[in-house]
2 protein chains.
Amino acid sequence: MHIRAPGPLAKVRFTETEMPFRAPLSDIRFILGKVVPLAPVAETELFAEATADLAEAVLGEAAKLCDEVLAPVNRAGDMTSARLENGVVRTSPGFAEAYRAIAEGGWVAVSAPVASGGMGLPQALNMAIHDMMSGACLSLQLNPLLTQGQIEALDHHASDDIKALYLPKLISGDWSGTMNLTEPQAGSDVGALRTKAEPNGDGTYTITGQKIFISWGDSDITKNVCHLVLARLPGAVEGTKGISLFLVPKLLPDDDGQPGARNGVRVVSLEHKLGLHGSPTCVMEYDGATGWLIGEENRGMAAMFTMMNNARLGVAMQGIGVAEAACQMAVEFAQDRRQMGVIADHPDVRRMLATMRAEVFAARSIALACAVAGDMATATGDRDWAARAAFLTPIAKSYGTQTGMDVSEMAMQVHGGMGYIEETGVAQFYRDVRVTAIYEGTNGIQAMDLVGRKLSDDGEAAYRLLEEIETGAEVARVTLPDLAEDVWAAAETLRESTEWMVTQEMPDRCAGAAPYLSAFALVLGAHYHLRAALAEGGTGARANLARFHIRRLLPQYTAHLTAARDGANGVMALSPEALAS
Amino acid sequence: MHIRAPGPLAKVRFTETEMPFRAPLSDIRFILGKVVPLAPVAETELFAEATADLAEAVLGEAAKLCDEVLAPVNRAGDMTSARLENGVVRTSPGFAEAYRAIAEGGWVAVSAPVASGGMGLPQALNMAIHDMMSGACLSLQLNPLLTQGQIEALDHHASDDIKALYLPKLISGDWSGTMNLTEPQAGSDVGALRTKAEPNGDGTYTITGQKIFISWGDSDITKNVCHLVLARLPGAVEGTKGISLFLVPKLLPDDDGQPGARNGVRVVSLEHKLGLHGSPTCVMEYDGATGWLIGEENRGMAAMFTMMNNARLGVAMQGIGVAEAACQMAVEFAQDRRQMGVIADHPDVRRMLATMRAEVFAARSIALACAVAGDMATATGDRDWAARAAFLTPIAKSYGTQTGMDVSEMAMQVHGGMGYIEETGVAQFYRDVRVTAIYEGTNGIQAMDLVGRKLSDDGEAAYRLLEEIETGAEVARVTLPDLAEDVWAAAETLRESTEWMVTQEMPDRCAGAAPYLSAFALVLGAHYHLRAALAEGGTGARANLARFHIRRLLPQYTAHLTAARDGANGVMALSPEALAS
């Protein structure tokens, strides 16, 4: 037995720093142009500056940054983990310079409030940039994504003084931000957290407790690190209703607003993770640290939820970006590698490449549709747009990250034995992307959010989306009758399952939540593929890809919906003891 | 953003050496007793010794070895890779002792020929033991699996002198064996290899060339390492018909048959792999090494194929064994971990656990059915049994290893953030098992073997299997009418797709090979689940699991078969250039 290697030795082909990556500019351009158009967003008053020309320029510049600055440090981040030295996190080689390019290029500021120095551009552009940055270097992209979440939270909930002091520094990228929710006993159940906040009587609070899994909890690439920390005030009720949000900077700002004295917070240790080695994952100790209340007392969860949609969407982009990079690597390898002819010409290899590309397109379209809906909601205050963004968020997050896992698994498979060798690089994608299905709410939590909170409008948002899909299919009937019929029938079946779902009790919904989400993602993906095909007249590469998706991948929806409607009894009849062996 | 950890810190729960694992004795016992019975094998003259009592004793002893000796070294193998020191491979801590327990316990000898010191027991028992050993320590299990392959090849093709000299040493585990096929340009396309063999005129040959991806190509845990090397004789035709097989020991046996002078073969380097760190993967340099021809000149591929079925089945057991271990770890974690109640009681978590257990059972039953068929073929010479074993082999290999990947992915998901931390241990399963879908013929190669060679009997072996499934479903109609109907209908649809498949040209078959294989595995899995349910009277835990599999997982077969029958045109219309971005 041996590893059947379909390649020359990995180390021959790739050096340790060379990671070929081209930001998926043409796909993003096409999707924001023809599939989930950005144009209506630019027609709003709020986003009037986001013209097609500006979007083009911004995306083009971002692509350059990704190809030329971020992608080249990705391998180094994997091979030389961030490390803790004398209480300070030292980042991977090249990360400081690459981060400086992000900050100085204004890439933290894309969607940040104009009043505080941001560019105020739509999240659809910001998320497209996160897609590109994630494919280039996931570990580093996570840093500005977190800072942007903090900017959003402070902008909505902080006092004017706090905003004036912190926002410009965060938006410029001089300082970075983190989110501190998790404690050993409080993961998905945030309400179980125990970190304490005691009022000092001067408007500040003393924060004490331990937080774990804090991404970029410290680093040497920004001048300060600002922590948003969930904690309990004295006498707070148990559960999520007794949680407040505090801002705790690593270095206390002095009178000039410059980083001053050390605060009572330190990094205890870094986690040794499967991947994402360039991103320091910290255990944080708060020992009498000084913090400032953000938002109202005991309303910390609400403040966190403000930024949840965009944070989850940002993680969707992570999955999609890594999938893009893995897909590119696999296609390139398959075009070069000869085993009884070029392997890209073997039907089963071509099938894998096509599956990867079709899924990346579907996931990207869903995620950008979610971003566009969010921008429309922000710009117009329209509740339907807001409901759509909320509905699409768990689908985008779960399907985007599942696509990241599936595509990087397939990309490794295309590489054969060489894929298993770390120097080839595809293993890094496989390892890095795995966490995206876990953090920011596991994909199981996303599915429960979908069938619980997001269907709590009796399915209204879902039905509006299905309406759009069916209308789209009817339009497509003229040009692509067979594909249109398949999409229409799928939407109809999904509608029936949605009607069933909204009448069920929560255990039955939850037992079918994950397959229901998968089915919805498949049908949405087919819908956007169909739109793409129509946009190019029903022929050519995009129509071929749409045909592949609709004929080969979409049919899985029936099995998913069968499982979705099976209820909880069959699942719960299987006791953990019986499942143990 | 942060990792939502559903657990106390990994390092708190597991020490570096503690890996809870219980060999799946009761499941294996049940399957070999009631689902794919070993009894008919024990009724043959050849395997008359394999009585139920003996099987029970052997499996019980193997389970003890796995739980007490192998599982405890698994983490050390991951954390301290095998390494190359001054040309010698130093194995991971504890591996030498654990290997000694394997060798001294006679576990290399289970199915080896009695005439040479083996136990001559059925492969069904041997493979069940590999299942258990893989779950305990995959890196180490690979070593005896490879040696067994070499024993089989030599027993069938070597001269009596070679057999007398080598077989006892290999069977006792004093010496180990490797397979040397792959070269940088020759992976799945073995026929492209260039290693040369020149006859020396004295019955020996001089071997020169480089081989890559050689598992256990060297180590310090056996007294000698014997390589089976594919090479070309002078003037050999191109392709697989010009390949011969040679035995090349690391140390040339002296006149007493003891390891003597160094042969001209050395380890150039070890690969840095995603997982399986305890198994040294070597680049081997043959520089005028002395070898002995095994079998006839230019018939090396045929000799290799002799052992291919069992080697592939051994890899199936690897996937299944790791899936078992990952499943156990996830169930245990889910029973302990509290987040709004014990997480095992959350329907979506229970769904994941049930999926894992249902797939492990299906994969294990398919693989053991394959082994039993092979034993019946060996014992009776019956061509139908041989055809069944050959047909089931690619299904067992591909589905078993896919199950290994899927289950370890889900096991990590159940662990949430903790699963991403290396100390928890589930990440090792995820990394280790990934290679099983690649080596010993990628899963794509398996699928092509199925629709090509294994359907080249016009589907006869497939139809016989489908007949058995339908007959089983008819028997089950009395007790479990709904499940029986579902299985029967699935078999019928699969029959229609098989009828379609055998009439197609190869490109169309290959474009549908992977989904066809997936559908076959699902239907077979449902069949064995149904048998298991019936064996326990149609109620209880096994019936519940069967119901879960048939209602929730089996329905995917329709989508797979739709894809299987889509033909090559749709796939090949997507050019690699169009898929690149």
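Heavy-atom accessible surface of A:C66, to the nearest 10 Å², is about 0 Å², with a 1.4 Å probe and all protein chains retained. Remark: mean inter-chain Cβ contacts per residue of B:332-345 equal 3, using a 10 Å Cβ-Cβ cutoff to other protein chain atoms.
For the protein assembly as shown, what is the mean residue ellipticity at 222 nm derived from helices alone (per DSSP H run of n ≥ 4: -39500 (n - 2.57); sum divided by total residues; nearest 500 deg cm²/dmol)?
On the way: 42 runs with 612 residues, N = 1162.
Value at 222 nm, helices only: -17000 deg cm²/dmol.
Loop-resident GluC sites (Glu not before Pro) (DSSP state other than H, G, I, E or B) in segment B:268-334 with no more than 16 further Cβ atoms inside 10 Å of their Cβ: B:E296, B:E297. Averaging Cα coordinates gives a centre for segment B:143-159 and one for segment A:416-471; these two points are 46 Å apart.
Take every Cα pair under 8 Å whose residues are at least 6 apart in sequence, average their separation, divide by the length of chain B, and the relative contact order is 14 percent.
From the square roots a ≥ b ≥ c of the eigenvalues of the alpha-carbon gyration tensor of segment A:177-301, which class results: rounded (a/c under 1.5), prolate (a/b over b/c), or oblate? Walk me through the numbers on the way to the answer.
Numbers: a/c = 2.12, a/b = 1.09, b/c = 1.94.
Note, shape of segment A:177-301 comes out oblate.
Across the options B:P249, B:G203, B:G275, the greatest Cα extent toward the positive end of the charge dipole of segment B:177-298 (unit charges at beta carbon of Lys, Arg, Asp, Glu) belongs to B:G275.
Could you state the accessible area per residue of the protein assembly as shown in Å², with a 1.4 Å probe and every protein chain left in place?
Details: 36090 Å² over 1162 residues.
It amounts to 31 Å² per residue over the protein assembly as shown.
In debye to the nearest 20, how big a dipole does the protein assembly as shown give about its Cα centre with +1 on each Lys and Arg Cβ and -1 on each Asp and Glu Cβ? Don't skip to the answer; put the middle values down first.
Working: 96 positive and 140 negative charges, 120 e Å.
Value, rounded to 20: 580 debye.
Of the whole protein surface, A:V267 contributes about 10 Å² of accessible area at a 1.4 Å probe radius. Residue by residue along A:142-151, Cβ atoms of other protein chains within 10 Å of the local Cβ number 1 on average. Considering only protein heavy atoms, what is the solvent-accessible area of B:D161 at a probe of 1.4 Å, reported in Å² to the nearest 10? Surface accessible to solvent at B:D161 totals approximately 120 Å².
State whether segment B:113-224 is rounded, prolate or oblate according to the following rule on the C-alpha gyration tensor (a ≥ b ≥ c being the square roots of its eigenvalues): a/c under 1.5 gives rounded; otherwise a/b larger than b/c gives prolate, and the remaining case gives oblate. Oblate.
Would you list B:H277, B:H549 from the most to the least accessible area, probe 1.4 Å? Before the final figure, lay out each step's value.
Numbers: B:H277 40, B:H549 0 Å².
Most to least solvent-accessible, the answer reads B:H277, B:H549.
Taking a Cβ cut-off of under 13 Å around B:F429, the surrounding Lys, Arg, Asp and Glu residues balance to a net charge of -2, with basic ones at +1 and acidic ones at -1.
The residues neighbouring A:L154, those whose beta-carbon lies less than 12 Å from its own, together hold a net charge of -2 under the Lys/Arg +1, Asp/Glu -1 convention.
Averaging the sequence gap over all C-alpha pairs within less than 8 Å and six or more residues apart, then dividing by the number of residues, gives segment A:453-573 a relative contact order of 31 percent. For chain A, the dipole from Cβ point charges (+1 on Lys and Arg, -1 on Asp and Glu) about the Cα centre works out to 1340 debye, to the nearest 20. Take the alpha-carbon centre of segment A:519-581, take the same for segment B:196-268, and report the distance between them in whole Å. Their Cα centres are 51 Å away from one another. So, counting K/R as plus one and D/E as minus one, what does the shell of residues with Cβ under 15 Å around A:A63 add up to? Value of the local net charge: -3. Across identical copies of the chain, B:G201 has label-point separations of 10.5 nm, listed in ascending order, with the point defined 7 angstrom from Cα along Cα→Cβ.
Antiparallel versus total DSSP beta bridges in the protein assembly as shown: what percent is that, nearest 5?
On the way: 72 of 86 bridges.
Percentage antiparallel, nearest 5: 85.
Counting Cβ atoms of other protein chains within 10 Å of each residue's Cβ and taking the mean over peptide A:185-192 gives 6. Candidates A:A543, A:H156, A:T178 compared by Cα position along the dipole of chain A: farthest toward the positive end lies A:A543, with charges placed on Cβ. Among beta bridges identified by DSSP and lying wholly in segment A:177-301, the antiparallel ones come to about 85 percent. Plainly put, the tip 7 Å out from Cα toward Cβ on A:A489 is 1.5 nm from that tip on each other copy, the closest given first. Sorted from shortest to longest, the distances between the A:A573 label points of this copy and the other copies are 4.4 nm, with each point 7 Å from Cα along the line through the beta carbon.
Quick one: putting +1 on the C-beta of Lys and Arg, -1 on the C-beta of Asp and Glu, what dipole do you get for segment B:35-186 around its Cα centre, in Debye to the nearest 20? Let's see the in-between values first.
Values: 7 positive and 19 negative charges, 116 e Å.
About 560 debye.
The values are calculated or read from the model by the stated rules, or taken from the named source; none is laboratory data. All values derive from a computational prediction rather than experimental measurement. Here the Cβ is made from the backbone with ideal geometry for all residues, glycine too, and neighbour counts use every protein chain on show. Keep in mind that these areas ignore ligands, DNA and RNA; they rest on the heavy atoms of the full protein, side chains included. Shrake-Rupley method; radii C 1.70, N 1.55, O 1.52, S 1.80 Å.
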